[in-house]
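Engineer: A single structure is presented below for examination.
None of the figures in this text is laboratory data; all of them are computed from the coordinates on show. These numbers come from a predicted model, not from an experiment. A quick note on method: Cβ atoms are made from the backbone with ideal geometry, for glycine too, and the neighbour counts reach across all protein chains shown.
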Amino acid sequence: MKRWVVCTAFMIVAFGADRRSIAASHPAQQKTENIIFVMTDGMRWQELFRGADATLMNKENGSVEDVPALRKAYWRDTEEERRRALMPFLWDVVARQGQVYGNREKGSDAYVTNGLDFSYPGYSETLCGFADPRINSNDNVPNPNVTVLEWLNRQSPYHGRIAAFGAWNVISAVFNPERSGLVANAGYQPFTAMRPNARLELLNQLKADGPRVWDDEPFDAIPFYTALEYLKACKPRILYLSLGETDDWAHQGNYTEYLNAAHRVDAYLRMLWETAQSMRQYRGKTTLIFSPDHGRGDDPTEWKDHGEKGPSSKYIWMAFLGPDTPALGERASVPEVRQNEIAATLAALLGRDYASAVPNAGKPIANVLGR
């Protein structure tokens, strides 16, 4: 039996049949039944909270070819206006109705604990809840650790109803689908785990035929629209999406495309959220989580890179929006939050105690849960 047949059958039969067991296993005080988790690779906290950086909006530091056009798009008189111009959904909706952490200028530190400050260690720490010294490269090898999504997939309300999509081809390896059984699609691999339709066939064709700027990942639009098709067709309980252009354009020193990529990510968040809120299964019962895998350098000569040699690369940010998260907005003068706490927080939003099951994982972020 093809996998997409299983997906379709589950939606028609099992969802209704399992509704009682789902309700019984879900604590009454928790309203979240679904999670949408989006990560954008290597986006700095500086742009998220300050907007466009004047020191990089030039040819010397940011390889900007058309400075007036870039300033028209993203430069405003104040930081609040600039960051809203860059990421309007984050600041108009997420920050007003949820919580955003990581503005170091306001006493809100968020950081990576793995000490390496690059991609695979960051994704593994985020999704497993702990740093593993064995994860010390970006090699495309299966993750020996169980992610929180694999852990949830072993439980009946979520089994077969979790999917992960990524631009970078290593994202599939982070979830180790051969062991975990998770639907995972990344890089240029065609997506075949659902009933085909015209849009999905076109997306797969674009993966195969489109121009390849990077050998290990397509442009973000491909995994995003693939994930959106899956959301609408298969209605997963947990949808994970990793986007990569913010990191790729930064490594190339192209500040124009870095900002454009961040602006598109914000638009993608809006589309996912509004699509979810238009569907009965998700409306009022879904939490959105948004974060990067690492930070990067904080001055005009270091912003392109990240890693152990750049201490500021450990600083990240995270945002939460959903029915169980109090609307406390941009956090200031609060205890630090760590990347290794996201996994347990995700599980706790669903009423699951990952921190007890995995003792070396970080604990849930209490304020996100309204505790």
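Engineer: For segment 291-302, which positions are under 21 Å from the mean Cα position of the chain (by Cα) and more than 30 Å from residue 29 (Cβ to Cβ)?
Structural biologist: 292, 293, 294, 295, 296, 297 - these are the residues of segment 291-302 that are under 21 Å from the mean Cα position of the chain (by Cα) and more than 30 Å from residue 29 (Cβ to Cβ).
Engineer: Output the number of residues of segment 69-102 satisfying the condition of being crowded, with 20+ Cβ neighbours inside 10 Å, under 18 Å from residue 38 (Cα atoms) and either of a type in the set (A, V, I, L, M) or over 18 Å from the mean Cα position of the chain (by Cα) (or both).
Structural biologist: 6
Engineer: So, one more: Considering every residue within segment 204-219, establish whether at least one is under 16 Å from the mean Cα position of the chain (by Cα) and more than 19 Å from residue 183 (Cα to Cα).
Structural biologist: Yes, some residue in segment 204-219 is under 16 Å from the mean Cα position of the chain (by Cα) and more than 19 Å from residue 183 (Cα to Cα).
Engineer: I've got another one for you. Residues being within 15 Å of residue 125 (Cβ to Cβ) and free of Cβ contacts under 8 Å to residues at least 60 places away in the same chain: count how many of those fall in segment 353-364.
Structural biologist: The number of residues fulfilling the criteria is 1.
Engineer: Please name all residue pairs, on different chains or six or more residues apart, with Cβ atoms under 6 Å, provided the first residue is in segment 116-141 and is under 10 Å from residue 293 (Cα atoms) and the second residue is of a type in the set (D, E, K, R) and part of a helix (DSSP H, G or I).
Structural biologist: Correct list of pairs: 117/314.
Engineer: Look at segment 67-116 and say how many of its residues are on the phi > 0 side of the Ramachandran plot and either touching a helix residue (DSSP H, G or I) at 6+ places or on another chain (Cβ under 6 Å) or among the aliphatic types (A, V, I, L, M) (or both).
Structural biologist: 1
Engineer: Quick one: residue 250 ticks every box in (1) buried (at least 17 other Cβ atoms within 10 Å of the Cβ); (2) aliphatic (A, V, I, L, M); (3) over 17 Å from residue 305 (Cα atoms) bar one, so which box is it?
Structural biologist: (3)
Engineer: Of all residues in segment 130-153, how many are in a loop (DSSP other than H, G, I, E, B) and within 20 Å of residue 34 (Cβ to Cβ)?
Structural biologist: Qualifying residue count, segment 130-153: 1.
Engineer: Right, something else. Scanning segment 41-61 for residues that are buried (at least 21 other Cβ atoms within 10 Å of the Cβ) and out of contact with any Asp or Glu (no Cβ under 8 Å at 6 or more places or on another chain), which turns out farthest from residue 308 (Cα to Cα)?
Structural biologist: In this case the residue turns out to be 52.
Engineer: Continuing with this model, one more query. I'd like the residue in segment 253-290 that is within 16 Å of residue 94 (Cβ to Cβ), among the aliphatic types (A, V, I, L, M) and buried (at least 18 other Cβ atoms within 10 Å of the Cβ) and, out of all such residues, is nearest to the chain's Cα centre (by Cα).
Structural biologist: That would be 289.
Engineer: Count, please, the residues in segment 219-247 that happen to be buried (at least 19 other Cβ atoms within 10 Å of the Cβ) and among the basic types (Lys, Arg).
Structural biologist: 2
Engineer: Being in a loop (DSSP other than H, G, I, E, B) and over 20 Å from the mean Cα position of the chain (by Cα) is the filter; apply it to segment 353-365 and report the residue that is surrounded by the fewest Cβ atoms within 10 Å (Cβ to Cβ).
Structural biologist: 359
Engineer: Tell me, which residue of segment 331-352 that is loosely packed, with under 15 Cβ neighbours inside 10 Å and touching a residue at least 24 places away in the same chain (Cβ under 8 Å) is farthest from residue 39 (Cα to Cα)?
Structural biologist: 333
Engineer: Can I ask one more? Taking the criterion of being among the acidic types (Asp, Glu) and under 22 Å from residue 321 (Cα atoms), would at least one residue in segment 108-124 satisfy it?
Structural biologist: Yes.
Engineer: For the subset of segment 202-220 comprising residues that are outside any helix (DSSP H, G or I) and in contact with a helix residue (DSSP H, G or I) (Cβ under 9 Å, 6 or more places away or on another chain), which member is farthest from residue 138 (Cα to Cα)?
Structural biologist: Here the answer is 210.
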